[in-house]
1. Work through the residues other than A32 whose Cβ is under 14 Å from its Cβ and net out their charges, Lys, Arg +1 and Asp, Glu -1.
2. Over all pairs of distinct alpha carbons, what does the Kirkwood formula give as the hydrodynamic radius of the chain, in Å?
3. In the chain, what percent of the accessible surface is made up of carbon and sulfur (1.4 Å probe, ligands and nucleic acids excluded)?
4. What accessible area per residue comes out for the chain, rounded to a whole number of Å², with a 1.4 Å probe?
5. Give, rounded to the nearest 20 debye, the magnitude of the charge dipole that the chain has about its Cα centre when Lys and Arg contribute +1 at Cβ and Asp and Glu contribute -1 at Cβ.
6. Grab the Cα-Cα distance for T153 and S39, subtract it from 0.36 nm times how many residues apart they are, and report the gain in nm with one decimal.
7. Please give the Cα centre distance for region 167-213 versus region 90-111, rounded to the nearest Å.
8. Per the helix-only calculation at 222 nm, which mean residue ellipticity applies to the chain, given -39500 (n - 2.57) for every DSSP H run of n ≥ 4 and division by its residues, nearest 500 deg cm²/dmol?
Amino acid sequence: MRPNRRAFLTASCTAILALSATAAQAAPVAAATAVVPVSGSIAGHGYGYWLGAWWKRVLSSPPSTSACPATTAAGPVALPLGGFSNRPETYHCALPAGTAIYVPQLSAECTAPIKGGVDACARKAFAGSTAMSVTLDGRTVPHLTRYATASPTFSFTAPKHGNLLGATQRHGRAAAYGIGLLLRPLPAGQHTITVKGTATHLHLDVTYHIRIR
């Protein structure tokens, strides 16, 4: 099974929520207060869990799925999609107040069966990722590599006619390795998140304009 390398959220998402042109610009948020520490958690789950939850959403979603995040049953955490198109992407989304966000950076996923196991495969596929950056309201989040983590092995069920990556395997077990950021709920108003990076055969350049209602 060929590993999947992501560059940040979905290339074919069409049903996005429009950002109001009159939305108030929120005061810039400092990364030190917005980003959950490496050892921290949201809704009782840490970075590895949310990396797996994000990939499970990717593998379980049809190509028409909106890039704008939907909250999860595990807690009020939004999982935005995107970044698979190999070109710049921009999304305008709205979220209710009190919603945490998992912002995916570069990561890799492998689906069983695969020689050597899915965990080792994902780590190998992620190796070589470079030029990674995330900004929140114009402020750079430092030391991204410290957030690199492995997901638990998880199961998924893909749509009948293929998922966001075009894969047709209906059921499987997978694991992921890579970087993402857990953001605590942002204050009301408009916020901008940019995500960039380079991996093998993939260039990530995604901008999220998020309005917190």
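1. +2
2. Here the Kirkwood hydrodynamic radius works out to 17.0 Å.
3. The value for the chain is 56 percent carbon and sulfur by accessible area.
4. Per residue, the chain has 43 Å² of solvent-accessible surface.
5. The calculation lands at about 400 debye.
6. Full extension from T153 to S39 adds 39.1 nm.
7. 4 Å
8. Theoretical 222 nm ellipticity from helices: -3500 deg cm²/dmol.
The values are calculated or read from the model by the stated rules, or taken from the named source; none is laboratory data. No experiment lies behind these values; they were computed from the predicted model shown. Cβ atoms come from the backbone with ideal geometry, glycine included; neighbour counts cover every protein chain shown. Accessible surface is based on the protein model in full, side chains and every heavy atom, while ligands, DNA and RNA are left aside. Shrake-Rupley method; radii C 1.70, N 1.55, O 1.52, S 1.80 Å.
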